[in-house]
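These notes concern the structure reproduced below.
The values are calculated or read from the model by the stated rules, or taken from the named source; none is laboratory data. Everything numeric here is computed off the predicted structure, so don't read it as measured data. We place every Cβ from the backbone using ideal geometry, glycine too, and count neighbours over all the protein chains shown.
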Amino acid sequence: MQHLSLFLIIGITIYVSMQAFKDAALKSKWTFSPYAVKHYNEGKRVFSHMWIHLDTQHLIFNMISLYFLGEVLLKEFVFAYGVTDGNIKFVSLYLIGGVMATVIPYLRHRDNPSYRSLGASGAVSAVVFGAIIWNPEMRLGFFFLPFYFPAYWFGIGYLIYEFYMDRKGNTGIAHDAHIGGAVTGIIYILVINFPKGQAFLDSFL
């Protein structure tokens, strides 16, 4: 029961993504297109894109990241706010993060009919950075490396990498959406529990 919201998000995302793998029309209708949002009033794409993925590898990577960091953060929320409010706060962070991750891409590409993006990466980034701000001393690493770092260093390194790759461009990845989700996660934690921001600075300094 404590992890209900996390399992629901993962379950729904896997189900919808699997349907989109088999239905190109569904994938096309749910993909984020800033041009379609602006010129055809298809605002639903701001929300729908986070439930579908490019392929199985994309889906698995996002859901594994969400599970491990989401479980950590959801436990903290439940401990601090109770089961119901903790789950509500977790779902709110995820959904807001996914929506806010579209802001920079929208501003950049609203008149570009060829731009498309999809996936839960922005929402997952919000959860990851929510967990980092909440618990900056936990150890994090990458799937393919046997090294672990304090969460605050991991977060700083992640942002530096995303800013660099965004400036480099032509990667086929929406790095600006990752940045938007990460910033949303930071702000969200500061709004619901501002002292966590001070604790993060104390850990870093």
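Residue-by-condition table, conditions (1) farther than 24 Å from Ile179 by Cα; (2) of a type outside the set (A, V, I, L, M, F, W, C):
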| position | (1), (2) |
| --- | --- |
| Tyr15 | yes, yes |
| Ala24 | yes, no |
| Trp30 | no, no |
| Ala36 | no, no |
| Val72 | no, no |
| Lys75 | yes, yes |
| Phe79 | yes, no |
| Tyr94 | no, yes |
| Gly97 | no, yes |
Exercise. Can you tell me which residues in region 102-115 are over 14 Å from Gly43 (Cα atoms) and either modelled with pLDDT under 95 or outside any helix (DSSP H, G or I) (or both)?
Worked result: Asp111, Asn112, Pro113, Ser114, Tyr115
Seminar exercise, completed: Taking first residues from region 181-195 that are surrounded by fewer than 17 Cβ atoms within 10 Å (Cβ to Cβ) and second residues anywhere that are β-branched (Val, Ile, Thr), the pairs with Cβ under 9 Å that are 6 or more apart or on different chains are Leu190/Ile133
Problem set entry | Residues that are among the hydrophobic types (A, V, I, L, M, F, W, C) and within 11 Å of Leu118 (Cβ to Cβ), drawn from region 51-66 | Trp51, Ile52, Leu54, Leu59
Exercise. Could you count how many residues in region 19-59 are touching a helix residue (DSSP H, G or I) at 6+ places or on another chain (Cβ under 8 Å), part of a helix (DSSP H, G or I) and not aromatic (Phe, Trp, Tyr)?
Worked result: 16
